Amino acid sequence: MFNLIVKNLGARKMRLLITSFAVMLGVAFMAGTLVFTDTIGRTFDGLFAEANVGTDSYVRAELAFDNEMTGRQRPRLDASLIDVINDVDGVRASGGYSEAWAQIVGSDGKVIGNPDMGAPVLGGPWIADDALNVFDIDEGRPPAADDEVVIDAGSLHNGDLRVGDRTTVLTEAGPQSMTIVGSATFAGIDSPGGASVSLFTPAAAQRLLTGEGKVDAIKVAAVDGVDEAELTARISQVLPEGVEVLSGAEITAEQQADIAEDMSFLNVFLMVFAIIALFVGSFIIYNSFSILVAQRTKEMAMLRAIGAGRKQVMSSVLVEALAVGLIASVTGLLAGVGVAAGLASMMSAMGIDLPSGSVVISSGTVIISLVAGTLVSVVSAVFPARRASKVAPIAALRAVAVDRSGRSRRRAIAGIAVTGSGAALMGAGLFGGAGIALLGLGAATVFIGVSVLGPTLARPLSRVIGAPLPRLRGVPGNIARENAMRNPKRTATTASALMIGVALVGFITILASSTTRSMEASMERSFTGDLVVSSGNAKAGGLSPQLAVELAALPEVDEASGLRLAPALIDGSSTQLTGVEAATIGAILDLGVTDGDITDLGPGVLAVHEDVALDKGWHVGSVVPVEFTQTGVQQLRIGAIYSENVLGDYFVGLETFEANVADQFDSQIVMTVADGIDLDTAKAAIERPASAYPQAEVQNRDEFVDSRLANVKTIINLIYALLALAIVIALLGIANTLALSIFERTRELGLLRAVGMTRSQMRAAVRWEATIIALLGTTLGLVIGTGFGWAIVTALEGEGISEFHVPVASLGVITLISALAGVAAAILPARRAARLDVLGAITSE
């Protein structure tokens, strides 16, 4: 039996290659993701260890709270604490350390970096002690005057700048004209993870970034003979309440863990698409082995007739699947190294310049890749193997087998039950707060349920989809339609792989369209202003508040209000808090106030969205605990409740914001134009003072909405690119199935050629059959994708996505592309069918 399996494998090399290729792509993406994150993690671990080699103790404020968007929040330290630490026995040197928003302007007048979609833009002090400074001068010298700056070597290159040039650095204190006196590297690389870094004198860093007398942390070096544990213990004895000290080893381990956590999100994000690819590939494996079992019915019946047991027959099929899985896994693992390089290039294109290092292929990556590819292949072949083992010896006498799966009542009931279970799991994940894992399991179950139901749907849908073909294409069209209907199980399984890809693409398309419509509708309802000055920064940094003051003083501007953002912990929940000019915001934004008065948001007063107020049982006059990074917990009274969430769930007046938040930036400035002034005139007047801020962009309503959607579109396009892998695998499945079915129908095709069918007609019949299969998968995919889209939009209604919109034109393009792709997938199988030897085909069995 083993010799027979080996001979079967050797006789079907091309079949094995084509079948394993689908799984190989998924394994390659999975292995590439693991290699990529392991390599970057190992490299960063080494960089942080090298950068902190001279730091024996690290002093910082205790954690205030953790914010989902901006990370861990800690108040700043008084710089006077440096003198206290210097008096500790065993301290050789110390230096204040800070990281705050600062953006460099290149030689072309444009800002360097995109902190919203890429690496951060940071500023801090140049630490004089070499052991404590993570940066090394690459060219030039350290800053010595308050108008001098050292920038990272990467920004020097990207901004086409040179040492000695004058440039502008944007800070909280406004644009600063600086002389570049040096460039620096971080642990031997041009920039830390693609970040843009500006380094000032300690005095200038406090004045421009953190506030006079403030630092984020203090680095300490010990004298010779004092180890870091002893020094850390001594420093802890002189620290005030709310301040902690870590050893150099502890801060290094924490930074390495933070990088691992940051990379884990990317790892999970990319791994989702690898799993999707493997999931799609499993349908191809299943379909391929189903066809192979059907083609070898007589062979397996003969084996049973001469004494082979059911287990032996079943094992022979599973061993072939095991061979496919091993081939796919090994080649996928090797290809994963190339995928990792491609992922690094993709990150670089997004502005994240990751450090290079030797490729890391861990034992975990090898095991996961081999197990995943092999397991998918073997499990996908289990049901075909069982069917093979059930072939009776008498079947050796049969010439044909009839597929009756499309009429199976049990299949219909099972398919509906599985699909319903998947929908229930998705509902629990979306609306029951059960989490994304249950949502993903529900989606996969829905796909399986529809696939089980597929043969029941394939016959009538193929009849409808192919209805025009007999009239349009004559005999080839009619044969294509009949072939698709004759074996509904094969047709449905082949279409299932494409169904998954199209469903996900359709879902993302509907979500993107619904998000766009929701934002447009929200702006239409709530933005009664005329113009916006956007900073392009939603996470950190932005425009100096001084610009809003200058714009409000222009005669062309009626009202102006800056919008500021800060992390906060409100009633125990992490959120972003908005600060506004309470007296004027109502004239610019229609917030749908349902209770209270937003013009009365004085010190200690908070405005809350009505959904939050209803959920919490709050009303005007309720007192809410709000924790700020710098000032701790403050008891704020609710002064207004509103219905439009253009400002998020909470906002306060500038008096409250400025009293509790250290960094003051306007992410946007919204304005109304004075009476009698046309929009173009006002825009030109606003652009003059705004031109001092190179990141500022003056926009009308439509331009502002488009800019808000730009980041969303970038992410959507990235998802489309990753989902393309699943589509490619699905099309490979169509080509593979058609190629295998050519062998199955060799005699039939020979008879058709013998009775007068031309080669071109034969090619047309195979191509149109592929088109029917592609349109069947597309139709099912669009239906499922629309259902997914409706469910997610409904679940996100509270997050501002309230408009469910189906972009008919975009989905029509998807349908057309799928049909054309189906035709392309059928080119080689169609050519093979047309080239069959007529006499040889007729005499084949």
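The values are calculated or read from the model by the stated rules, or taken from the named source; none is laboratory data. Remember, it's a predicted structure, so these values are computed and weren't measured experimentally. Positions of Cβ are backbone-derived with ideal geometry, glycine not excepted, and every protein chain shown enters the neighbour counts. These accessible areas exclude ligands, DNA and RNA; they are computed on the full protein's heavy atoms, side chains included. Shrake-Rupley method; radii C 1.70, N 1.55, O 1.52, S 1.80 Å.
Its relative contact order, with pairs defined as Cα atoms under 8 Å and 6+ residues apart, puts the chain at 15 percent.
Label zone of A131 (point 7 Å out along Cα→Cβ, amide N under 11 Å): in the range 184-226 this covers 220-226. Under the rule a/c < 1.5 gives rounded, and otherwise a/b versus b/c splits prolate from oblate, where does the range 601-713 land using the Cα gyration tensor? Prolate.
Rounded to the nearest 20, the Cβ-based charge dipole of the range 142-186 about its Cα centre (Lys and Arg +1, Asp and Glu -1) stands at 140 debye. From its DSSP helices (H runs of at least four residues, each -39,500 (n - 2.57)), the chain gives a residue-normalised ellipticity at 222 nm of -19000 deg cm²/dmol. Charges were assigned to the Cβ only: +1 to each Lys and Arg, -1 to each Asp and Glu. The resulting dipole of the chain about its Cα centre is roughly 9980 debye.
The residue among S760, L81, V121 whose Cα reaches farthest toward the positive pole of the charge dipole of the chain, with charges on the beta-carbon of Lys, Arg, Asp and Glu, is S760. Surface calculation, 1.4 Å probe, protein heavy atoms: H805 sits at approximately 50 Å² accessible. Annotation: amide H-H contacts under 5 Å for A93 (H modelled 1.01 Å from N, sequence separation of 5 or more, or interchain): A221. Extension gain for L63 to K110 (0.36 nm times residue separation, less C-alpha to C-alpha distance): 13.3 nm.
Figure note: E241, E148 ranked by solvent-accessible area, largest first, 1.4 Å probe, ligands and nucleic acids not counted: E241, E148. Of the residues V324, G342, A833, the one whose Cα sits farthest towards the positive end of the charge dipole of the chain is A833 (charges of +1 on Lys and Arg Cβ, -1 on Asp and Glu Cβ, taken about the Cα centre). Looking at the chain, how many pairs of lysines come closer than 18 Å at the Cα, when each pair is eight or more places apart or spans two chains? Counting lysine pairs in the chain gives 5. Site pair A521 and E99 shows an inter-label distance of 4.0 nm when each label is modelled 7 Å from Cα along Cα→Cβ. Net charge dipole, the range 110-209: roughly 220 debye, given to the nearest 20, about the Cα centre with Cβ charges of +1 for Lys and Arg and -1 for Asp and Glu. Applying 0.36 nm per residue to the separation of L718 and L375 and subtracting their alpha-carbon distance, the gain on full extension is 120.6 nm.
With contacts taken as Cα pairs under 8 Å at a separation of at least 6 residues, the range 43-100 carries a relative contact order of 18 percent. Taking a span of 18 Å or more along the helix axis (Cα atoms) and a mean Kyte-Doolittle hydropathy of at least 0.5 as the rule, the DSSP H helices of the chain that qualify are 13-51, 248-295, 310-349, 363-380, 409-431, 436-465, 701-744, 759-795, 808-825.
Surface exposure of the chain, expressed per residue as accessible area with a 1.4 Å probe, stands at 43 Å². Note on V272 and R486: their simple-model spin labels are 4.3 nm apart, each label 7 Å out from Cα toward Cβ. Label reach from D165 (point 7 Å along Cα→C-beta): in the range 130-155, amide nitrogens under 17 Å belong to 138-141, 148-155.
Name the shape class, rounded, prolate or oblate, that the alpha-carbon gyration tensor gives for the chain, where a ≥ b ≥ c are the square roots of its eigenvalues, rounded holds for a/c under 1.5, and otherwise prolate holds if a/b is larger than b/c and oblate otherwise. Prolate shape, in that a/c is at least 1.5 and a/b is the bigger ratio. Working ranking of peptides 514-525, 189-200, 462-473 by packing, defined as the average number of other Cβ atoms within 10 Å per residue, highest first, is 189-200, 514-525, 462-473.
On the accessible surface of the chain, probed at 1.4 Å, how many percent belong to carbon and sulfur atoms? That share works out to 58 percent. Taking the charge dipole of the range 664-751 about its Cα centre, with +1 at Lys and Arg Cβ atoms and -1 at Asp and Glu Cβ atoms, the residue from A730, V705, L751 reaching farthest to the positive side is L751.
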